[in-house]
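**Student:** Quick one: this structure, given as structure tokens, is what I'll be asking you about.
The values are calculated or read from the model by the stated rules, or taken from the named source; none is laboratory data. Bear in mind that the values here come from a model prediction, so they are computed numbers and not experimental data. Ideal geometry is used to build each Cβ from the backbone, glycine not excepted, and the neighbour counts take in all protein chains shown. When the accessible area is computed, the model is the full protein with side chains, heavy atoms only, and any ligands, DNA or RNA have been set aside. Shrake-Rupley method; radii C 1.70, N 1.55, O 1.52, S 1.80 Å.
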Amino acid sequence: MDVKQVMAIQAVKRLLPLISVMPDEGLKRLFSLGTRIAPTEYARYVSQYAQKLVEDKHPTIDLFKRGLKQMNSRYREKLVINMGVKHSWYGEKKRDEVRSKGIHAPFIYLISPTMRCNLRCFGCYASEYDPKDDLPLPVIDRILSEGKELGIYMVIILGGEPFIRDDMWQIYEKHEDITFIPFTNGTLLDDKRVEKMGKLGNIIPMVSIEGFEKETDVRRGKGMFSRIMETMDRMREGGVPFGFSTMVTSQNVYTVVSDEFIDLLIQKGCLMGWHFLYIPVGRNPDPDLMPTAEQREVLLHDGARRIRAQKPLFVIDFWNDAPYVGGCIAGGRHFFHINSKGDVEPCIFVHFATDNVKQKSLCEALSSDYFKDIQSRQPYSPNFLRPCMIIDHPQVIREIYQKCHPYPTCEDAELLFTSLSGVLDQYSSCVASIFDPIWEEQEKEKAQV
């Protein structure tokens with residue numbers, strides 16, 4: 001850690017108690033200072049963007065203040081330092097240095113330490129796994145250390161149910177300079193675990209929820225919605241920041257973008273959330289659960305963008321937000337996934353790999369011909385509203401499969417190239433017929449400004 005980074009951390013520690021009550025004019029001056037001293041272009045952009053949000057009196061500023069007030073002092077310090085100073089400011093500088101050496105260091109990565117789960121949700125098979133399928137703790141420890149060498153201090157933890165592994169607390173404590181974002185069903189977050197998180201300050205859970213009681217209980221089991229509400233209350237009262245995660249399907253799309261549902265999540269204390277489209281992968285995939293092209297248009301207009309603009313809640317939609325990041329970000333461009341077997345997958349939905357972290361380092365896996373081929377094809381289309389190589393450009397994933405010969409990492413993965421092939425071609429064509437005219441109109445409007 002260099003002198004400038006140490007000074008920045010000390011300055012942040014002194015400012016933290018004041019930021020949550022600072023008037024807008026003070027925040028503007030603070031972000032203006034950040035713009036002037038930012039160590040990278042990315043950090044400068046973030047500071048400038050934050051300054052503009054204050055000037056526009058954007059709901060995100062209310063969210064920022066709400067989050068700082070809601071979380072305990074340990075979280076305020078750890079998250080601002082880990083996510084702000086280490087990951088976004090100086091981490092990006094390190095990532096740029098690594099990229100200049102020919103290794104593409106992504107912004108974030110995902111690890112599934114286990115595929116085990118304590119629930120039996122409809123359409124899910126995670127309960128069939130046992131401890132022998134878990135990713136060994138020493139391997140996880142090494143991966144995280146190698147990730148920090150690349151400048152990555154933010155890691156998403158998936159599953160299965162991440163909190164079913166009690167040994168992961170050793171990891172969270174040892175790597176206290178990393179912000180961990182576990183996606184959880186929330187049922188194991190009792191008083192004891194919430195208290196642990198409150199003391200560590202580097203874990204931000206994302207609780208899975210499918211909508212209101214009807215939508216959530218039909219998939220996750222009777223009484224699950226009530227348990228999730230209790231978990232959210234427990235974390236809010238314990239000063240633990242948290243968010244939500246929703247698998248958007250053809251059956252719940254209108255519910256999850258409704259003001260009633262969003263206002264409930266804000267009331268419960270959610271600070272952010274994720275909308276993931278159902279993708280027909282894994283065991284026994286069901287294409288009928290994919291949101292239709294028309295429903296994806298509803299998500300475009302009424303989903304994450306509208307919610308961010310109108311509500312103090314930061315919601316991310318990997319598909320409709322793709323224009324902000326230039327299309328698909330998989331294959332190490334901005335993220336990748338390591339499953340519980342150690343296989344390095346380009347995306348949580350692309351269940352094919354050519355490398356395994358049990359045999360190779362993170363740098364070696366990121367430098368694979370497989371990832372390089374994916375990156376060379378990105379973006380797959382000039383229309384960033386159709387970013388996905390599975391459901392928007394299925395011919396792309398077929399070409400990559402034929403060229404790189406990755407092995408399947410789960411049962412039924414190759415159905416993408418057999419029984420689902422025609423379905424995906426038809427689906428992608430329907431999406432193109434709606435979203436290409438929308439994209440062309442948006443581009444025309446930009447050109448006229």
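**Student:** Going by the structure shown, is Gly332 under 22 Å from Val139 (Cα atoms) and open to solvent by less than 10 Å² (accessible area, probe 1.4 Å)?
**Tutor:** It is true that Gly332 is under 22 Å from Val139 (Cα atoms) and open to solvent by less than 10 Å² (accessible area, probe 1.4 Å).
**Student:** Here are some residues: Tyr75, Tyr109. Which one is buried (at least 16 other Cβ atoms within 10 Å of the Cβ), in contact with a His (Cβ under 9 Å, 6 or more places away or on another chain), at pLDDT 90 or above and within 30 Å of Lys174 (Cα to Cα)?
**Tutor:** Tyr109
**Student:** Still on this structure, please answer the following. Based on what the data block shows, is His301 without any contact (Cβ under 8 Å) to a residue 40 or more places away in the chain and either β-branched (Val, Ile, Thr) or under 21 Å from Ile434 (Cα atoms) (or both)?
**Tutor:** Working: without any contact (Cβ under 8 Å) to a residue 40 or more places away in the chain: yes; either β-branched (Val, Ile, Thr) or under 21 Å from Ile434 (Cα atoms) (or both): yes.
Considered against the rule, which asks whether it is without any contact (Cβ under 8 Å) to a residue 40 or more places away in the chain and either β-branched (Val, Ile, Thr) or under 21 Å from Ile434 (Cα atoms) (or both), His301 comes out as yes.
**Student:** Taking into account only those residues within region 164-211 that are in a helix (DSSP H, G or I) and touching a residue at least 60 places away in the same chain (Cβ under 8 Å), which is nearest to Phe314 (Cα to Cα)?
**Tutor:** Gly198
**Student:** Inspect all residues belonging to region 32-44 and state whether any of them is of a type in the set (Phe, Trp, Tyr), at pLDDT below 85, open to solvent by 20 Å² or more (accessible area, probe 1.4 Å) and touching a helix residue (DSSP H, G or I) at 6+ places or on another chain (Cβ under 9 Å). Step through it out loud before you land on a result.
**Tutor:** So the first thing to find is which residues in region 32-44 are of a type in the set (Phe, Trp, Tyr), and the list is 42.
Checking the rest, the ones that are also at pLDDT below 85 come to 42.
From what's left, open to solvent by 20 Å² or more (accessible area, probe 1.4 Å): 42.
Okay, now just the ones that are also touching a helix residue (DSSP H, G or I) at 6+ places or on another chain (Cβ under 9 Å), so 42.
Yes, there is a match, as at least one residue in region 32-44 is of a type in the set (Phe, Trp, Tyr), at pLDDT below 85, open to solvent by 20 Å² or more (accessible area, probe 1.4 Å) and touching a helix residue (DSSP H, G or I) at 6+ places or on another chain (Cβ under 9 Å).
**Student:** Go through region 212-226 and report how many residues are buried (at least 18 other Cβ atoms within 10 Å of the Cβ) and either touching a residue at least 24 places away in the same chain (Cβ under 8 Å) or closer than 19 Å to Ile157 by Cα (or both).
**Tutor:** Qualifying residue count for the region: 4.
**Student:** Could you tell me whether any residue of region 256-263 is modelled with pLDDT of 95 or more, surrounded by 19 or more Cβ atoms within 10 Å (Cβ to Cβ) and under 26 Å from Lys52 (Cβ atoms)?
**Tutor:** Scanning region 256-263 turns up at least one residue that is modelled with pLDDT of 95 or more, surrounded by 19 or more Cβ atoms within 10 Å (Cβ to Cβ) and under 26 Å from Lys52 (Cβ atoms).
**Student:** Right, next: Going by the conditions given, is Asn118 loosely packed, with under 15 Cβ neighbours inside 10 Å, touching a residue at least 60 places away in the same chain (Cβ under 8 Å) and closer than 26 Å to Val194 by Cα?
**Tutor:** Yes: the conditions hold for Asn118.
The rows are residues; the columns are (1) closer than 20 Å to Asn252 by Cα; (2) at pLDDT 95 or above; (3) aromatic (Phe, Trp, Tyr); (4) crowded, with 19+ Cβ neighbours inside 10 Å.
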{"position": "Arg306", "(1), (2), (3), (4)": "yes, yes, no, no"}
{"position": "Ile316", "(1), (2), (3), (4)": "yes, yes, no, no"}
{"position": "Tyr324", "(1), (2), (3), (4)": "no, no, yes, no"}
{"position": "Gln375", "(1), (2), (3), (4)": "no, yes, no, no"}
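**Student:** Which residues, taken from region 264-299, are under 26 Å from Glu411 (Cβ atoms) and buried (at least 19 other Cβ atoms within 10 Å of the Cβ)?
**Tutor:** Residues satisfying the conditions are Trp274, Leu277, Tyr278, Ile279, Pro280, Val281, Pro285, Met290, Pro291.
**Student:** Here is a follow-up. Please list, ordered by residue number, the helices (runs of 4 or more DSSP H) wholly in region 26-125 having 1 or more residues that are among the polar types (S, T, N, Q) and farther than 22 Å from Ile204 by Cα.
**Tutor:** Qualifying helices (runs of 4 or more DSSP H): 41-55, 91-100.
**Student:** Quick one: in region 351-375, of everything that is free of Cβ contacts under 8 Å to residues at least 60 places away in the same chain and outside any helix (DSSP H, G or I), which residue is nearest to Leu277 (Cα to Cα)?
**Tutor:** Of everything passing the filter in region 351-375, Ala353 is nearest to Leu277 (Cα to Cα).
**Student:** So Ile338 passes all but one of these: (1) modelled with pLDDT under 95; (2) among the aliphatic types (A, V, I, L, M); (3) open to solvent by less than 10 Å² (accessible area, probe 1.4 Å). Which condition number does it fail?
**Tutor:** Among (1) modelled with pLDDT under 95; (2) among the aliphatic types (A, V, I, L, M); (3) open to solvent by less than 10 Å² (accessible area, probe 1.4 Å), the lone unmet condition for Ile338 is (1).
**Student:** Going by the conditions given, is Leu16 hydrophobic (A, V, I, L, M, F, W, C), open to solvent by less than 30 Å² (accessible area, probe 1.4 Å), closer than 27 Å to Lys311 by Cβ and modelled with pLDDT of 85 or more?
**Tutor:** no
**Student:** Restricting attention to region 230-242, and to residues there that are touching a residue at least 60 places away in the same chain (Cβ under 8 Å), at negative phi and open to solvent by less than 40 Å² (accessible area, probe 1.4 Å), which single residue is nearest to the chain's Cα centre (by Cα)? Show your work before the answer.
**Tutor:** Narrowing region 230-242 to residues touching a residue at least 60 places away in the same chain (Cβ under 8 Å): 236, 238-241.
Imposing the further condition that a residue be at negative phi reduces the set to 236, 238, 240-241.
Restricting the remaining residues to those that are open to solvent by less than 40 Å² (accessible area, probe 1.4 Å) gives 238, 240-241.
Working: Gly238: 23, Val240: 18, Pro241: 15 Å.
Within region 230-242, the match that is nearest to the chain's Cα centre (by Cα) is Pro241.
**Student:** State whether one or more residues within region 435-448 are of a type in the set (A, V, I, L, M) and loosely packed, with under 14 Cβ neighbours inside 10 Å. Break it down stepwise before answering.
**Tutor:** Here is the first cut: in region 435-448, the residues of a type in the set (A, V, I, L, M) are 438, 447.
From what is left, the residues that are loosely packed, with under 14 Cβ neighbours inside 10 Å are 447.
Yes: one or more hits.
**Student:** Does region 78-85 include one or more residues that are basic (Lys, Arg), modelled with pLDDT of 85 or more, out of contact with any helix residue (DSSP H, G or I) (no Cβ under 8 Å at 6 or more places or on another chain) and surrounded by 13 or more Cβ atoms within 10 Å (Cβ to Cβ)? Don't jump to the end; show me each part of the working.
**Tutor:** Restricting attention to region 78-85, the residues satisfying the condition of being basic (Lys, Arg) are 78.
Checking the rest, the ones that are also modelled with pLDDT of 85 or more come to 78.
Restricting the remaining residues to those that are out of contact with any helix residue (DSSP H, G or I) (no Cβ under 8 Å at 6 or more places or on another chain) gives none.
No - not one qualifying residue is present in region 78-85.
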